[in-house]
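Every read-out reported here was derived from the displayed coordinates using simple, explicitly stated rules and does not represent laboratory data. What you see is a predicted model; the values in this text were computed from it and never measured. Cβ placement follows ideal geometry from the backbone for every residue including glycine, while neighbour counts extend to all protein chains displayed.
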Amino acid sequence: VQLQASGGGLVQAGESLRLSCAASGRTFSTYGWFRQAPGKERELLVGLRMSGTTTRYADSVKGRFTISRNNARNAVYLQMIDLKPEDTAVYYCAATSRSLIWSSLSQQNEYDYWGQGTQVTVSS
């Protein structure tokens, strides 16, 4: 079982990036994107329960980040627009085979599998 995150890079403020998270080995019921900036704790960006349309976005990224999925490819994506220097961090995808309720989507310990992280750097 593996989660592979990709798509990070160096961009200028105001630009966009799309991160991908490909799962192999099993199908997951809930995905999440998290990030960890230097010297800060890892935080939820968005959680998505694959059944239905339950999503939970962090206030800091609402309107700029959008999660999407491709069920056939067992993958989720994070489209990020209008990137800011404060978005600089290592971005992680995470997943669990359980269908998390909305209040649990932000809880890191609810996710059983984690990708290796992809670096996003936004220059001013």
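Among the residues of the stretch 2-19, the ones that are at negative phi and surrounded by fewer than 12 Cβ atoms within 10 Å (Cβ to Cβ) come to 3 in all. Quick check on my filter: what residues within the stretch 68-82 are in contact (Cβ under 8 Å) with a residue 40 or more places away in the chain and either farther than 15 Å from THR27 by Cβ or among the aromatic types (Phe, Trp, Tyr) (or both)? Answer for the stretch 68-82, where residues must be in contact (Cβ under 8 Å) with a residue 40 or more places away in the chain and either farther than 15 Å from THR27 by Cβ or among the aromatic types (Phe, Trp, Tyr) (or both): TYR77, LEU78, GLN79, MET80, ILE81, ASP82. Number of residues in the stretch 71-91 that are more than 18 Å from TYR57 (Cα to Cα) and over 14 Å from the mean Cα position of the chain (by Cα) equals 5. Scanning the stretch 83-106 for residues that are more than 29 Å from GLN12 (Cα to Cα), in contact (Cβ under 8 Å) with a residue 60 or more places away in the chain and out of contact with any Phe, Trp or Tyr (no Cβ under 7 Å at 6 or more places or on another chain) yields a total of 4.
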